[in-house]
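To start, the structure under review is shown below, and the notes come after it.
The values are calculated or read from the model by the stated rules, or taken from the named source; none is laboratory data. Since the model is a prediction, treat every value here as computed from it, not as a measurement. Please note: Cβ atoms are built from the backbone with ideal geometry, for glycine as well, and neighbour counts cover all protein chains shown.
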Amino acid sequence: MNVSIYRSIVGQYENLRTVNSVPMMNTISHSMEQQVINHQMPINFYAGFERFSRFPDQTRLYGRLASVARRVYVFGVPDVKPTPISGVEYIPLEPNSPLAREWFLIVDTPDFWALLATEEVSGEDEATGGRKFNGIWTFDHVIVERASLLISQVLGSVYQPVRQRNYEQQNIHVAEIGAGMIARLDKVQVEKRRNWAQANTLYYVIDILAKAQNSLDALKQIANTLFTVFGASGVSILISTQSDRYAVVASEGETAQTSGAVKLSDSPTSRAVSQGASITISNMRQEREREPLMPTSQALLAIPLVGKQGVHGALLIGHLDSNRWTEQDQKVAEAIAGLLGMWIETLATNTNVALPASTTVTTSTSEEASARLRLSLNQMMTLHSILRLEGSPTPRQNELLTQLDRLTMNMAQQVSSRRTQLEMTPINAIEQPKNSIFDF
């Protein structure tokens, strides 16, 4: 049947609430779905996905939805065979059907009614670079009834209008959805500010390393920056001085008084160094962990400084509160640690001095180190992309993004050049003078 929910409605009603952003369409969709699940509504739920191939990511959510709803109808072009879900009925669409280009959700009951109706159009979404839509979102019962009538025609079923509506209960649902969306918006804004702070931090670290005249001063500046940005109780940067000893070359907070070379005991930092992998402790007391370098911290990030020639030290960030670090915090810390590992080796090469590595260099270690350096750069590029997609940056933020573009590309070229040089030169053929690049 040649039915378009979006076009049948948008041309007949004025003052509709328009929706054009795909992230907002996702937010509205999840708000409607969660409202049904949270209130255990035994209703008919209608959802258009354009194509069944776009449904798999929603399988778990729609399994929950179908467990409470009377029936869930999912519409789409059958370009793949969808996973059978009890309570979900898949309605195939012809590729030339108008609904094959429409993303929609319909709920029409006496206690709750809402409609999201959108149509995919040609072009690219300016905000996300992805698919572009025109759409509407409404709680108007007249418009929702119109959509219900149309979808019943598509199904070939008898339309049964809602005879009496509970506006008091509807107002409760609308208020809950509004409150939930505001909470999500607040979370997005907090995350957006956090992303910009992390971008500034990465830029600042790159800039310090690029302009460094004194290696110790550069590391102290970086430790101070991370201490402030992460709101940490302590930050330490350790560099290998011998096969089993490390110097705390820069620190802020509770490790600020640490001096001289230390031998790492059985601790998160020692494991990070020996394994060449990040160690994240959410709750030191609960997990019965102890870090002598930061005895009062309850949340800990221990990130190895990995280069092509081995592990040269560690970046340690602690916080007095447990469960403090997010996955994004760890990724940013790993990106910075990767930059430091690469910078230390570049500095050693340029000054022709030895670097005492704490791990034996093997082909596997070398490959893992190369992968870690690339992951660090990928993390910066990913963060950069996220900030671009958030849209409407200020002139200062645009300048920062441009600088990150330039600096990241320069660092990527250095990684590529350094990788080629080290892979062509046997490690044991590199001259190892006795001097150190740091004055311990």
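F104: hydrophobic (A, V, I, L, M, F, W, C), surrounded by 18 or more Cβ atoms within 10 Å (Cβ to Cβ), closer than 19 Å to I5 by Cβ and touching a His at 6+ places or on another chain (Cβ under 6 Å), yes or no?
On the way: hydrophobic (A, V, I, L, M, F, W, C): yes; surrounded by 18 or more Cβ atoms within 10 Å (Cβ to Cβ): yes; closer than 19 Å to I5 by Cβ: yes; touching a His at 6+ places or on another chain (Cβ under 6 Å): no.
No; evaluated as a whole, the condition is false for this residue.
The requirement of being modelled with pLDDT of 75 or more, over 21 Å from H319 (Cα atoms) and among the acidic types (D, E) is not satisfied by D244. Here F49, F45 are screened, and the one residue that is surrounded by 14 or more Cβ atoms within 10 Å (Cβ to Cβ) and touching a Lys or Arg at 6+ places or on another chain (Cβ under 9 Å) is F45. Looking at the structure I just gave you, is V262 surrounded by fewer than 24 Cβ atoms within 10 Å (Cβ to Cβ), assigned to a strand (DSSP E or B), of a type in the set (A, V, I, L, M) and modelled with pLDDT of 85 or more? When the stated conditions are applied, V262 does not pass them. Among residues of segment 50-69 that are on the phi > 0 side of the Ramachandran plot, those with a Cβ under 7 angstrom from a residue that is not in a loop (DSSP other than H, G, I, E, B), sequence gap 6+ or separate chain, pair up as E50/G76; E50/V77; E50/A100; E50/R101; E50/E102; E50/W103; E50/E120. Within the option set R271, R288, being assigned to a loop (DSSP other than H, G, I, E, B) and at pLDDT 85 or above holds for one residue only, R288. Being assigned to a loop (DSSP other than H, G, I, E, B), under 22 Å from H173 (Cα atoms) and not small (G, A, S) is a condition met by at least one residue of segment 70-78. Report, by residue number, each residue of segment 17-28 that is modelled with pLDDT of 75 or more and either assigned to a loop (DSSP other than H, G, I, E, B) or of a type in the set (K, R) (or both). Correct list: N20, S21.
Restricting segment 79-125 to residues that are in contact (Cβ under 8 Å) with a residue 60 or more places away in the chain and in a loop (DSSP other than H, G, I, E, B) leaves a set whose member that is nearest to Y159 (Cα to Cα) is T109. With respect to T280, determine if the residue is in a strand (DSSP E or B) and over 21 Å from L219 (Cβ atoms). Spelling it out, T280 is indeed in a strand (DSSP E or B) and over 21 Å from L219 (Cβ atoms). Here I206, I177, I151 are screened, and the one residue that is at pLDDT 90 or above, at negative phi, surrounded by 13 or more Cβ atoms within 10 Å (Cβ to Cβ) and among the aliphatic types (A, V, I, L, M) is I151. Taking first residues from segment 149-172 that are assigned by TED's automatic domain parsing to the domain that holds G76 and partners that are of a type in the set (S, T, Y) and assigned to a helix (DSSP H, G or I), the Cβ contacts under 6 Å between residues at least 6 apart in sequence or on separate chains come to L150/S8; Y159/S152.
With respect to the conditions (1) in a helix (DSSP H, G or I); (2) surrounded by 14 or more Cβ atoms within 10 Å (Cβ to Cβ), D57 falls short on a single one, namely (2). For segment 80-131, a residue qualifies if it is under 30 Å from the mean Cα position of the chain (by Cα) and acidic (D, E), and the qualifying residues are E102, E119, E120, E124, D125, E126.
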